[in-house]
Amino acid sequence: MTDQAVGGGQLPPEARDRPAGGATAAPSRRASGPRRDGAVTVPAPSTPPPAARIAGRRRELKALRADIERTGLDTLTGRRGARSRVLLIAGRPGSGRTALAEALLRELAADYPDGVLRTTLTGRDGEPAATEVIARELLDALGTAAPPGAPLDELSELLRGALAGRRALLFLDDAPGAEQVEPLLPDAPDCLVVVVSQGPLTGIPDVRPCTLGGLDTAAAVELLASYAGPTRITVDPTTAEAIAEECAGQPAALVLAGGWLAARPKSSLADLHQALAAVPPPDGQSTAVRPLYRAFRIVYDALPQTAARILRLTVMAPGGLLDAHTVSALAGCTLATAGTALHEFTELGLLRPVAGQEEATAVPDGAAGHPAYRLPGCLAPLVRTLLEDTERAADIQLARARMLQRTVRLLVSCRAMTEPPGSPARQKVAALPRSLRFPSRDAAAGWLRGRRDVLLDAARIAVADGELDTLDRRLMAALTRTLLAHQGPEAAAPDLYTLHGLLLEVATRRRLPREQAAALLNLADVDARTGRTEAALTRYRGALEAARAAGDEPATGRALESLGGTYAALEDWQRSADWYGRALELRLGRGERADAARLHGRIGSACARTGRWEEAIKAWRAAARTYRRAGDTAGQARATGELAHVLECAGAYEEALRTAQEALETVRMADEPRLEAVLRLRIADGLERLGDPAAARLHRDLGEQLLEDHPD
């Protein structure tokens, strides 16, 4: 839960624009991630903005900067530290910890020319985010490819390698604990890691926390005045101090209280103080949470009914990223109503604008210019509780369905832009509302890149829901096809691995063996390609069981053949031949000659590897025969050539030569010059072995000439 929206005594935009508030820095780029802010590299500005952007915390800023220069444990022993220095800002959500970290990063950015990497380690639902996903996002931001489905250890090594030799800032917001932080720490002494957490990072050496409490009275009143204006503070300073005490100096509570005053220019500080005191705390609520709860309730309770409902639904937004289109879909309201509500929430301190997200969140044709927002993490639990206590389950379900349905339509439109103009897909999209259309392929690809993490989170939300599985599958199928169309299979592989895992979760929960088999096969294929052979074996066996349960013969055949290939990769040739044999029986029963011929050949190769020449010869003869019956002349020639090679290995030199010559006659009909060249060279070797060098030379010359004429 990130509290960047209201933390650190950060002044509101109108206050920061005043000369006394200091200059405003150019907005930095931020990328949204699934259930958290995503990682992105931000170039350092030429000059850091002044620290006057936040009220209070000057002492903490000074202490943090001094801690950077503090002698580390390794330095005391005469050795330079091998790892990056870690600064910890500890405090409760709403204490201003994230805003203080951002202020520190602005001051330090010029000293780190390789930029800033930002990510949040707690998910939108308050649970720790998967460290593997975080590491992959950081690698993406650094431009480093990672194998699909790679384990955390491998991702950590890649991340450390990518940061080695760099001078960068790594900001890890809302860390649940040391176990989420440690795998992400660089072995780069010129990098600096800033961590925001509620408690200590036990187990990470040489970390001295900067622990935040409430603002002092002067800073708290200053923050309140930035919203209420100086006049009301001047005429009633005693009540202003009482309000600061009622809010326990918590920046989040003070911002909400200030927003309440800003929306009521005729209300006095006494009115605010009375409103705060009148809010009854829920049973069992801790004293530390009470100030924020009271400030939130006076703001929320004053909202009109429609706006209050919109606010409750904001916690359902994928990736926690809000724009007018997403909110309109969730609430079933007009775009204008959603946009107005988001703007008003921001004025009240309930939301924070996300700089640089307009292009990532907007549909380029007809929706550009809609700003993006986030709900502060410290408010998310309060809003989520309201949603669960106020909204009917059916209404929550309907809101989620509307949001996912709109996402599916956008993905269909995005994919259609990869089709030629005038194609049926493009014609179908042309009939959609303007807000669901893209002006060009480049615009669609840019939207997909910017929304990638949010789209993946939409898939996670759908799967976690458990009641929209038909829509789940439509969403994930549309996302899969769109990623493949725009990125190709290689670039899209990591995201496809995630989607196949989500599909497996749905299929397992809903007891859909056909879909379960398909997901397991796709995941196993990636595991096999990336060297995770044991994992691939386990998944192929699971796919085989599911395919048989579903009566899905094509999937069964694929699983059997894949098991044979995986055992071949392990050089377990006996088991490989056995699994290929089972697949062959199925293919023969279905009359699939081309697949059967291929499997005959694979059995022959596996048998030859272990010197079982008779079985290998039998298999390759069957392969050649089956290719001939299927009308595949080139396949027949290749199989006959392999048969000649096996005969040669078995010591049947004369038969091997005759078989190679037979293959040569066949390949001429297939017009395969390179295969003809290979066969002529093989015949030349056989003729030399049998004492006919002149004929051997003729075949060798012709073979070498063919290779020269057809290099590819």
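Go through (1) assigned to a loop (DSSP other than H, G, I, E, B); (2) open to solvent by 50 Å² or more (accessible area, probe 1.4 Å); (3) at pLDDT below 90 and name the single condition Pro113 misses.
The single condition Pro113 does not satisfy is (3).
Anything in segment 446-456 that is closer than 11 Å to Leu479 by Cβ and not aliphatic (A, V, I, L, M)? List them, or say none.
Arg451, Arg452
For Leu192, are the conditions met, namely being within 29 Å of Ala528 (Cα to Cα), at pLDDT below 95 and open to solvent by less than 40 Å² (accessible area, probe 1.4 Å)? So that I can check it myself, show each step before the final result.
Values: within 29 Å of Ala528 (Cα to Cα): no; at pLDDT below 95: yes; open to solvent by less than 40 Å² (accessible area, probe 1.4 Å): yes.
Answer is no for this residue.
Please determine, by comparing only the residues of segment 309-338 that are open to solvent by 10 Å² or more (accessible area, probe 1.4 Å) and within 30 Å of Leu269 (Cα to Cα), which one is farthest from the chain's Cα centre (by Cα).
Here the residue is Arg309.
Quick check: is even one residue across segment 287-294 in contact with a helix residue (DSSP H, G or I) (Cβ under 6 Å, 6 or more places away or on another chain) and either exposed (fewer than 13 other Cβ atoms within 10 Å of the Cβ) or within 14 Å of Leu224 (Cα to Cα) (or both)? Please lay out each step first, then the result.
Filtering segment 287-294 down to residues in contact with a helix residue (DSSP H, G or I) (Cβ under 6 Å, 6 or more places away or on another chain) leaves 291-292, 294.
Checking which are either exposed (fewer than 13 other Cβ atoms within 10 Å of the Cβ) or within 14 Å of Leu224 (Cα to Cα) (or both) leaves us with none.
Scanning segment 287-294 turns up no residue that is in contact with a helix residue (DSSP H, G or I) (Cβ under 6 Å, 6 or more places away or on another chain) and either exposed (fewer than 13 other Cβ atoms within 10 Å of the Cβ) or within 14 Å of Leu224 (Cα to Cα) (or both).
So, in segment 410-427, of the ones that are in contact with a helix residue (DSSP H, G or I) (Cβ under 7 Å, 6 or more places away or on another chain), of a type outside the set (A, V, I, L, M, F, W, C) and not in a loop (DSSP other than H, G, I, E, B), which residue ends up most open to solvent (accessible area, probe 1.4 Å)?
So in segment 410-427, the residues in contact with a helix residue (DSSP H, G or I) (Cβ under 7 Å, 6 or more places away or on another chain) come out as 410-419, 425-426.
This time we only want the ones that are of a type outside the set (A, V, I, L, M, F, W, C), so: 413, 415, 418-419, 426.
Cutting the leftovers down to not in a loop (DSSP other than H, G, I, E, B) gives us 413, 415, 426.
On the way: Ser413: 0, Arg415: 83, Arg426: 64 Å².
Across segment 410-427, the extreme among qualifying residues is Arg415.
In segment 653-712, which helices (runs of 4 or more DSSP H) lie fully inside it and hold 1 or more residues that are open to solvent by less than 60 Å² (accessible area, probe 1.4 Å), among the hydrophobic types (A, V, I, L, M, F, W, C) and more than 24 Å from Asp632 (Cα to Cα)? First the steps, then the outcome.
On the way: elements: 653-670, 673-689, 693-709.
Helices (runs of 4 or more DSSP H) meeting the threshold: 673-689, 693-709.
Which of the residues that make up segment 532-560 are under 24 Å from Pro148 (Cα atoms) and open to solvent by 20 Å² or more (accessible area, probe 1.4 Å)?
Arg532, Thr533, Glu534, Ala535, Thr538, Arg539, Arg541, Gly542, Arg558
Go over the candidates Asp527, Asp453 one by one and state the one that is of a type outside the set (Val, Ile, Thr), part of a helix (DSSP H, G or I), open to solvent by less than 40 Å² (accessible area, probe 1.4 Å) and in contact with a strand residue (DSSP E or B) (Cβ under 9 Å, 6 or more places away or on another chain). First the steps, then the outcome.
Values: Asp527 fails: in contact with a strand residue (DSSP E or B) (Cβ under 9 Å, 6 or more places away or on another chain).
The conditions single out Asp453.
Could you say whether any residue in segment 487-503 is modelled with pLDDT of 95 or more, open to solvent by 40 Å² or more (accessible area, probe 1.4 Å) and assigned to a helix (DSSP H, G or I)?
Looking through segment 487-503, none of the residues is modelled with pLDDT of 95 or more, open to solvent by 40 Å² or more (accessible area, probe 1.4 Å) and assigned to a helix (DSSP H, G or I).
So Cys210 clears everything in (1) assigned to a strand (DSSP E or B); (2) within 28 Å of the chain's Cα centre (by Cα) except one condition, right? Which one?
(2)
Evaluate segment 587-603: report whether one residue or more is open to solvent by 20 Å² or more (accessible area, probe 1.4 Å), β-branched (Val, Ile, Thr) and over 36 Å from the mean Cα position of the chain (by Cα).
We begin by selecting, within segment 587-603, every residue open to solvent by 20 Å² or more (accessible area, probe 1.4 Å); these are 587-595, 598, 600, 602-603.
Filter once more, keeping what is β-branched (Val, Ile, Thr): 603.
Now narrow it down to the ones that are over 36 Å from the mean Cα position of the chain (by Cα): 603.
Yes: segment 587-603 contains one or more residues that are open to solvent by 20 Å² or more (accessible area, probe 1.4 Å), β-branched (Val, Ile, Thr) and over 36 Å from the mean Cα position of the chain (by Cα).
If Gln180 satisfies all but one of (1) touching a strand residue (DSSP E or B) at 6+ places or on another chain (Cβ under 8 Å); (2) open to solvent by less than 20 Å² (accessible area, probe 1.4 Å); (3) within 30 Å of Thr533 (Cα to Cα), what's the number of the condition it fails?
In the conditions (1) touching a strand residue (DSSP E or B) at 6+ places or on another chain (Cβ under 8 Å); (2) open to solvent by less than 20 Å² (accessible area, probe 1.4 Å); (3) within 30 Å of Thr533 (Cα to Cα), Gln180 misses (2) alone.
Mind checking which residues of segment 166-177 are open to solvent by 10 Å² or more (accessible area, probe 1.4 Å) and either closer than 16 Å to Asp206 by Cα or over 21 Å from the mean Cα position of the chain (by Cα) (or both)? So that I can check it myself, show each step before the final result.
Filtering segment 166-177 down to residues open to solvent by 10 Å² or more (accessible area, probe 1.4 Å) leaves 166-167, 174, 176.
The answer is Arg166, Arg167.
Give the residue that is most open to solvent (accessible area, probe 1.4 Å), with candidates limited to residues of segment 144-158 that are part of a helix (DSSP H, G or I) and over 11 Å from Glu132 (Cα atoms).
Going through segment 144-158, the residues part of a helix (DSSP H, G or I) turn out to be 152-158.
If we keep only those that are over 11 Å from Glu132 (Cα atoms) too, we end up with 157-158.
Values: Glu157: 119, Leu158: 53 Å².
Applying the filter and picking the extreme gives Glu157.
The values are calculated or read from the model by the stated rules, or taken from the named source; none is laboratory data. Keep in mind the model is a prediction, meaning the values are calculated, not measured. Cβ sites come from the backbone with ideal geometry, for glycine too, and all protein chains shown count toward neighbours. With ligands, DNA and RNA removed, areas are computed over all heavy atoms of the protein, side chains included. Shrake-Rupley method; radii C 1.70, N 1.55, O 1.52, S 1.80 Å.
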